[in-house]
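Remarks on the structure that follows.
All of the numbers you see were taken from the coordinates with simple rules; none came from a lab. Quick caveat: nothing in here was measured; it's all calculated off a predicted structure. All Cβ positions, even for glycine, are placed from backbone atoms using ideal geometry, and neighbour counts span all protein chains on display.
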């Protein structure tokens, strides 16, 4: 007799937990980024999948393969997990062709997380660009959750996309904007006829918003070009490298530090990362 | 643990007797090579050989391995079954360098936080019988430079040492002792046998003339990632990956899916840091685009990263990569050269 699947998955980190795609949201007008809401088939798996914002999971499509994707939902959202995925390779393309009601698999949660304990009691500056906003969205929803909000100081968000149609989570951005407890700055590189918001690149907006370095930590995720121009802004504002946190991406397979391809120096991005402070990255080799 | 003496001409029969009861992997002649294979009736285990062409890590970490099976359902692809569990088996005729590789691989696959159940299951089921090197088999041997020795018992459950007329049989672990009934005809070893082994150990280690500063280059590697030296090592490398495939400690793998009709398997296959595709991302970005970077990765992984993470050099000095490299890249020379770098 074979053991129940939830028990096999609990004992074997390569075995995905079955999940059902319960909702698919097309996020952008180019239709190549979708959010997949997944519900665990087995209660035992749902209880075991305890995650912290910043962690990722391997999305597993039998017959196609696996893809490591950051968890976009917050652990404060119960009953499901969400992943926002850009259509890019074999697995993510197959994922984009899926319909609600389909079964697939998830392995995780994997990796470290945003350093929640370190962030507590501090002012948090969240900076995101384009499609790399997913685990930042998880962090924001975690911090503004009723019971959690008082554990964090001022929350400033700078989020940018190339055009209004490429902004993720538009309904949530609107809801956040109506709250009094987030300084929300949404920007697009170039607006359109209907866009009434801010225009400008993320680094420029960061400069204008000029968050104080006092008791503050910034959490930055975005395309390399955005990161490159945003970091000097925060250096100028006086943020130390210990207080600038980011997340790395590398090609991965196992997700648990065995298959040997996502190392940066002695560290595996899958297991020791993906989250590193700039101070930690300075100690690693520049091979990512 | 117990030590016995066995008449040399009895060994082959004992191994074949084991093979009647359970799978026994042993070195066998295969055309021009000596390879580890499961002994089938009529096959002769090699008792006298230099070393195998392939490293015995493949027994615990196969070249290609089934992870799970799945099948189509009305709601999509779903899990079907795990591979059948491993039976108890014996791995006979392992050289001490290769036996040490198991200890090094245990550090990675059997970590506290993430355990690799496929590897661990096979390690639990397999009993390792090693053959001490009375004389180092190759000029390329350098085990003594990477924390090993030609008579090291690390990673062995039983070790056999050729004392001339007899084998000294050392039962090193409970798993090894469980095979003692097969050696029932062996007699108790006395102090003179142990003294002989000690003499062989010293003599054999002394025969390895080639020394490299295995541990000493670590502090140099810590500060030389950007050193121009790396530009000089990979020029003739053709990225064939032979070094990594023959290496007893290389553990990188790929996971892939294969389907036939409505059924499929997820398997893992050995992969190699020598290949450009190894780190190529979907976006097109590749953190290691040049063979120089890939060679640096291989060297660093063995002599720095593994030391950082596990305080062990991920090289056992078997010499396979030195002997098999089609363009004669010699890792010993590279390590030598690194030790002389001005940093």
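The table for this structure:
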item: Pair residue B:280, residue B:53: separation of 7 Å Cα→Cβ label points (nm); result: 2.9 nm
item: FRET efficiency for residue A:236 and residue B:196, using Cβ-Cβ distance with R0 set to 60 Å, rounded to 0.05; result: 0.20
item: Per-peptide average of other Cβ atoms within 10 Å, ordering B:188-197, B:161-170 highest first; result: B:161-170, B:188-197
item: For the range B:230-254 and the range B:147-173, distance of Cα centres in Å; result: 31 Å
item: Where labels lie 7 Å past Cα in the beta-carbon direction, separation of residue B:207 and residue B:112 in nm; result: 4.2 nm
item: DSSP-defined beta bridges in the protein assembly as shown - what % are antiparallel, rounded to 5; result: 70 percent
item: Angle in degrees between helix A:224-236 and the longest Cα principal axis of chain A, rounded to the nearest 10; result: 40 degrees
item: Averaged over B:307-318, number of beta-carbon atoms from partner chains that fall within 10 Å; result: 1
item: Extension gain (nm, one decimal) between residue B:21 and residue B:103, 0.36 nm per residue minus Cα-Cα; result: 26.9 nm
item: Sites residue A:215 and residue A:178, calculated FRET efficiency, Cβ-Cβ separation with R0 30 Å, nearest 0.05; result: 0.70
item: Exercise: per-residue mean of other protein chain Cβ atoms within 10 Å, B:76-87; result: 4
item: Antiparallel %, DSSP beta bridges [both residues in the range A:1-159], to 5; result: 85 percent
item: 14 Å reach of a label modelled at residue B:178, 7 Å along Cα-to-Cβ, counting backbone N of the range B:78-105; result: B:86-91
item: For the range A:5-109: rounded, prolate or oblate by the Cα gyration tensor [a/c cutoff 1.5]; result: prolate
item: Chain B shape via C-alpha gyration tensor axes, a/c threshold 1.5; result: oblate
item: Mean separation of Cα contacts under 8 Å (6+ apart) over length of chain B, as relative contact order %; result: 21 percent
item: FRET efficiency for residue A:228 and residue B:1, using Cβ-Cβ distance with R0 set to 56 Å, rounded to 0.05; result: 0.40
item: Over the range A:43-89, relative contact order from alpha-carbon pairs under 8 Å, at least 6 apart, %; result: 29 percent
item: The protein assembly as shown: calculated mean residue ellipticity at 222 nm from DSSP helix runs of at least 4, using -39500 (n - 2.57); result: -7000 deg cm²/dmol
item: Rough spin-label spacing in nm, given labels placed 7 Å along Cα→Cβ, for residue A:90 and residue A:198; result: 4.2 nm
item: Angle in degrees between helix A:134-143 and the longest Cα principal axis of chain A, rounded to the nearest 10; result: 80 degrees
item: Prolate/oblate/rounded call for the range A:116-247, Cα gyration tensor, a/c under 1.5 rounded; result: oblate
item: Net lengthening on full extension, residue A:151/residue A:7 (0.36 nm per residue, minus Cα-Cα); result: 48.3 nm
item: Percent of beta bridges antiparallel (DSSP, chain A, rounded to nearest 5); result: 55 percent
item: Distance between the range A:96-165 and the range A:7-56 - C-alpha centres, whole angstrom; result: 15 Å
item: Sequence ranges A:81-91, B:15-25, ranked by mean other-Cβ count within 10 angstrom, highest first; result: A:81-91, B:15-25
item: Taking the range B:180-278 and dividing mean pair separation by its residue count, relative contact order in percent (alpha carbons under 8 Å, at least six apart); result: 18 percent
item: Cut-off 17 Å, label 7 Å out along Cα→Cβ of residue B:262, residues of the range A:14-39 by amide N; result: none
item: Whole-Å distance, taken between Cα centres, linking the range B:72-126 and the range B:13-42; result: 21 Å
item: Residue mean of other protein chain beta carbons inside 10 Å, A:59-71; result: 4
